[in-house]
């Protein structure tokens, strides 16, 4: 049943058509408990150990809203320049699928808590593109399905499925853009930049870690094409669960090429759900999308309306952190780097580690050098986020300090960092254990050389007489006196210098 | 004017994954139509000035603090499951052969 879609080249597609996008991003909030019950949301628990009658949808159970969930939703809305509803309700979205044992998802329908906003995003070349926000609403996550009996755990061909409801009921905020028009050939880049900026914003607000690889942030990409110069939107496809920044870009690009091929051949784009395939960068057809009214939304009778007090909203607005884009502009100026360099720092996820390292006392250029160099390379090799490396900004700052005071050179500093990453302890402990500190104190070294010469007059005379090879004995004496901490090459230079001999 | 058609009942049946026989459709369509007709009479009485009521009590902002309370044990959670496997709820095939 594999159907290979025809594609036209990206350039040809853009010759004839204008892409229109709509992005829906789901963010799993980092609350301690679920949205409507007191079950824990911690990750990695054994199956079905974090459920209760409410999130299992048992008869007679009643939901109660998590205050922190509402607060987080308002913070997100405010940071996205949205209006916050004076009064809004939850709604039941009815559907029959085993990932929700209630047979409906508690969501919001025509009364979202936040609406009519925008997010300015910076493209690679520094250009600012404004993405308008339709709404941000509160809802809950679904349970996790495991499909048994089919190939590679797919639902197709499975004989049955197994459900773990630990995730069912975890708070989600769904953020929906208005149609994004005018991006043209930069549509894939705009989509990626938007999701990146949104992730940074969510993290800055402290409402979620928004780690896409952990499913804490997921993106659905709606795309349609219209012939250049026309106004009416074409039929859209919705590509579900695009779960990395790179995939967002690729999914948009692929769908532009696929839609163009369908339209070029005189065909009609089918309104449907599609699945993104990480391996090939392509999308494949899913189910034909059910019409919105098939969900038979109606106001949730078990939850009373939410009417956020204006004083509370203003309090939350006043406490918003510096927005990530504004912060990056400030840091870029403070660090004296280019747009492009700042973009690399952002892409590497290095902003927070670098700032923390500077706060711990390191000079900006040094902090940036380690995080963007040695440490970025290691994170890349180990395929983990920079912040997940087993080294703290304080430890990196300590290494910088040791280099600055001359106890370590760059080569030794790299070994110290290697030791910290290998779990050998703090930088000072690694220095001790591995005996890495260089004695670069010329005064101390000079004194040790003078002592060695004075203690070995015979050897010194041989060297003065031209037997340079004899210097080895004096180097050995100095190394012994400094307990191996000296740089042997430098010691040899000093000995020859003091005895007036060319090496 | 019928409140609900036989086709609409068939559609709802499909959405609800209920297999309804022809005579059941006739039966339920008639019954549901009567129920909807009865409820519709409320709209005739309520004027423009009466908003639809979703919540009978004038309560808002009933919230709880974000504090964890004990969950059921997996054994308790699964005790009502018709079938289970690997400490998970076991459900029949979701997608048929297509």
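Things worth noting here:
- Once both labels are positioned 7 Å from their Cα atoms along Cα-to-Cβ, the gap between residue A:116 and residue A:378 label points is 5.1 nm.
- Between the stretch A:166-207 and the stretch A:312-347, the Cα center-to-center distance that results, in Å: 17 Å
- One compactness figure for the protein assembly as shown is 1.31, namely its Cα radius of gyration divided by 2.2 N^0.38 Å.
- Inter-label distance, nm, simple model (7 Å from Cα along the C-beta direction), residue A:322/residue B:79: 5.5 nm
- Label-point separation in nm, residue A:146 to residue B:49, each point 7 Å along Cα→Cβ: 6.2 nm
- For the stretch B:1-43, convex hull of alpha carbons as volume per residue, Å³: 66 Å³
- Just so you know, the Rg over Rh for the stretch A:348-434 is 0.93, from Cα atoms, with Rh as the Kirkwood radius.
- Normalised by residue number, the volume inside the convex hull of the Cα atoms of chain B is 249 Å³ per residue.
- Principal semi-axes in Å for the stretch A:19-171 [√(5λ), Cα gyration tensor, largest first]: 31, 22, 15
- Chain A: angle of helix A:187-205 to the longest principal axis, Cα-based, in degrees nearest 10: 70 degrees
- Once the Cβ-Cβ distance of residue A:15 and residue B:68 is raised to the sixth power relative to R0 = 60 Å, the FRET efficiency obtained is 0.60.
- With the highest mean first, a sort of the peptides A:424-432, A:346-354 on other beta-carbon atoms found within 10 angstrom per residue produces A:346-354, A:424-432.
- Efficiency of FRET between residue A:442 and residue A:422 - r from beta-carbon atoms, R0 22 angstrom, step 0.05: 0.10
- Relative contact order (percent, whole number), the stretch A:348-434, Cα cutoff 8 Å, 6+ residue spacing: 28 percent
- Peptides A:262-270, A:161-169 ranked from most to least packed give A:161-169, A:262-270, packing being the mean of other C-beta atoms within 10 angstrom over each peptide's residues.
- Inter-centroid distance (Cα atoms) of the stretch A:376-424 relative to the stretch A:245-269, Å: 44 Å
- Relative to its Kirkwood radius, the Cα radius of gyration of the stretch A:442-498 gives an Rg/Rh of 0.92.
- Residue-averaged [θ]222 nm for the protein assembly as shown, counting only DSSP H segments that reach four residues, each worth -39500 (n - 2.57): -12000 deg cm²/dmol
- Counts of other chain beta carbons within 10 angstrom of each beta carbon in peptide A:305-313 average 2.
- A Förster radius of 25 Å, combined with the Cβ-Cβ distance separating residue A:359 from residue A:333, puts the computed FRET efficiency at roughly 0.90.
- Going from the residue with the fewest nearby Cβ atoms within 10 Å to the one with the most, A:296, A:398 rank A:296, A:398.
- Between 0 and 90°, nearest 10: helix A:393-404 axis offset from chain A longest Cα axis: 30 degrees
- q = 0.17, 0.28, 0.33 Å⁻¹, the stretch A:18-63: log10 I(q)/I(0) [Debye, one scatterer per Cα]: -0.61, -1.09, -1.20
- Packing rank of A:113-119, A:463-469, A:243-249, where each peptide gets the mean count of other beta carbons within 10 Å, highest leading: A:113-119, A:243-249, A:463-469
- Sequence-separation-based contact order of the stretch B:1-43, relative, with Cα cut under 8 Å and 6+ spacing, percent: 54 percent
- Within a Gaussian network of chain B (alpha carbon springs, distance under 10 Å), most fluctuating of B:41, B:14, B:88: B:88
- Percentage relative contact order, the stretch A:30-109, counting C-alpha pairs under 8 Å, at least six apart: 23 percent
- Alpha carbon centroid spacing (whole Å) that separates the stretch A:9-31 from the stretch B:14-80: 36 Å
- Each 10 Å bin from 0 upward holds the following percent of the Cα-Cα pairs of the stretch A:379-479: 14, 31, 22, 17, 11, 4, 0.
Each reported figure results from applying straightforward, stated rules to the coordinates on display, with no laboratory input. Note that the structure is a prediction, hence the values are computed from the model and not measured. Cβ coordinates were reconstructed from backbone atoms using ideal geometry, including for glycine residues, and neighbour counts include every protein chain displayed.
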